[in-house]
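Q: Here's a structure for you.
The values are calculated or read from the model by the stated rules, or taken from the named source; none is laboratory data. What you see is a predicted model; the values in this text were computed from it and never measured. Neighbour counts run over all protein chains shown; Cβ positions are idealised from the backbone, glycine included. Protein only, heavy atoms only, side chains kept; ligands, DNA and RNA dropped before computing areas. Shrake-Rupley method; radii C 1.70, N 1.55, O 1.52, S 1.80 Å.
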Amino acid sequence: MIVMDIKIDNFFAFKNFHMNMSYPKKIVDSYIEEEYLSDRPNFRYKKVNILMGANATGKTSFGFMLMRIFNFMNTKQFEKITEVISVKEKKAAFSMDFITDDYTLYRIITNIAPKTGDEYKSTNIDVCLKETEIGIRDSYESCSRRLDSIICSKNTNFIEELEKIQGLSWRFEYPSDTPKAYHAPTKNVKRYINILENTLKVLDPSIRKVEKIDAVDNTFVIRLRDRDVIIQDGKIIDTTVLSSGTKAGIVVAGFVASIINGDNGFYYCDEKFSYIQSDVEKAFLSLMIECLQSNDQLFFTTHNTDILDLPLPKHSFVFLKKDCEDVEQPIKCVSASQYLKRNTDSLRNAVDNDLFSVAPSVDMIYEIANL
């Protein structure tokens, strides 16, 4: 699954928000292989999207919104999107261009009328689904123009529109000190155990081995030098033994295994490395990128500026910034490639000099000393 373009209005803190995941020209000798739709070399998309920005700029909320849209399309239940509408008395809307597992570009346009009673009803929801086949020589831009020319037909039943979408698949991971229930892969279990063991050994040298307990479903044992820790149904039985970084590593290992197995196609990893050393985060991101398969897409949010040193195309980096004074568009996204056009332009220097105006103001912190 690939997301090509998204617009969000009146959800969370987003108003008139727009992010596009295409790029204009082929990158020669790119670190990322096949950053285009398989067998459609002109249909370029950002296979890797590194989202950076200060706190409260919408990185996690953006992922939450994507996940709610995916779930809405999959389950046809609108409550997950209506509950995050910011101003209930105003119209809310989103549109998204995306590709599933065939050569079809979809565009879903959803408008939600203001709530008039105690709760939203199905009559508040208006969904238009457009689609066009992606030809051998097509680019995203040519397909997008065809979608623009399609007139939405009036359909009062949004479920009928959503039924047309097939092949949705995704995986999201969000910050948490304690891993959520995670079921180990049913295929390539031995490889998953090796991934988990290698991951945890890097994060905690006292870990000797990881083994599966065959007598109990979805249960593993982490063997340390002086004790054992059980993981059952994705939950650590004794959470006091492992560090926060090691516990995060359990989810990271599952995320990596999912990419290697090609389980989902769309992956969103949101700040899972807050407790993990910078070089380890860089290594895992490089591994994720290397293991992405054809027509996969990765979103990766981080505060770690050392990620800027990875040899990635500049269009892979997007910076979110919030301007509360701008009531029309309080959250904006800035693509590094909008500013840095030459191969010799340094992304690290641009960020250090705040070229994108995304650095947080710290003046009020220093003022505390004078209070």
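Q: Among 76, 47, 91, which is in contact (Cβ under 8 Å) with a residue 60 or more places away in the chain, out of contact with any Phe, Trp or Tyr (no Cβ under 6 Å at 6 or more places or on another chain), of a type in the set (Lys, Arg) and surrounded by 19 or more Cβ atoms within 10 Å (Cβ to Cβ)?
A: Matching residue, one of 76, 47, 91: 47.
Q: What are the pairs with Cβ atoms under 9 angstrom where one residue, in the stretch 221-238, is modelled with pLDDT under 80 and open to solvent by less than 70 Å² (accessible area, probe 1.4 Å) and the other, located anywhere, is in a loop (DSSP other than H, G, I, E, B) and of a type in the set (Ser, Thr, Tyr)? Sequence gap at least six, or different chains.
A: Listed by first residue and then by second, the contacts come to 233/182; 234/182.
Q: Taking the criterion of being without any contact (Cβ under 8 Å) to a residue 40 or more places away in the chain and closer than 25 Å to residue 291 by Cβ, would at least one residue in the stretch 16-27 satisfy it?
A: yes
Q: Looking only at the stretch 325-371, filter to residues that are open to solvent by less than 50 Å² (accessible area, probe 1.4 Å) and assigned to a loop (DSSP other than H, G, I, E, B); which one of those is farthest from residue 49 (Cα to Cα)?
A: That would be 326.
Q: Report yes if some residue within the stretch 256-278 is in a helix (DSSP H, G or I), over 21 Å from residue 51 (Cβ atoms), open to solvent by less than 10 Å² (accessible area, probe 1.4 Å) and of a type in the set (Gly, Ala, Ser); otherwise report no.
A: Looking through the stretch 256-278, at least one residue is in a helix (DSSP H, G or I), over 21 Å from residue 51 (Cβ atoms), open to solvent by less than 10 Å² (accessible area, probe 1.4 Å) and of a type in the set (Gly, Ala, Ser).
Q: Moving on to the next point. With respect to residue 206, is the statement that it is open to solvent by 10 Å² or more (accessible area, probe 1.4 Å) and either modelled with pLDDT under 90 or of a type in the set (Asp, Glu) (or both) true?
A: So residue 206 does not fit the description; no.
Q: What about residue 116, is it open to solvent by 10 Å² or more (accessible area, probe 1.4 Å), more than 23 Å from residue 328 (Cβ to Cβ) and touching a Leu at 6+ places or on another chain (Cβ under 9 Å)?
A: Criteria not met by residue 116.
Q: Scan the stretch 271-286 for residues that are at pLDDT 95 or above and touching a strand residue (DSSP E or B) at 6+ places or on another chain (Cβ under 8 Å) and report the count.
A: Qualifying residue count, the stretch 271-286: 1.
Q: Being surrounded by 20 or more Cβ atoms within 10 Å (Cβ to Cβ), more than 21 Å from residue 265 (Cα to Cα) and aliphatic (A, V, I, L, M): is that true of residue 151 here?
A: When the stated conditions are applied, residue 151 does not pass them.
Q: While we're looking at this one, here's another question. Given the conditions (1) in contact (Cβ under 8 Å) with a residue 24 or more places away in the chain; (2) surrounded by fewer than 21 Cβ atoms within 10 Å (Cβ to Cβ); (3) touching an Asp or Glu at 6+ places or on another chain (Cβ under 8 Å), report the number of the one that residue 111 does not fulfil.
A: (1)
Q: Right, another one. Looking at (1) among the basic types (Lys, Arg); (2) surrounded by 20 or more Cβ atoms within 10 Å (Cβ to Cβ); (3) over 18 Å from the mean Cα position of the chain (by Cα), which is the one condition that is false for residue 322?
A: (2)
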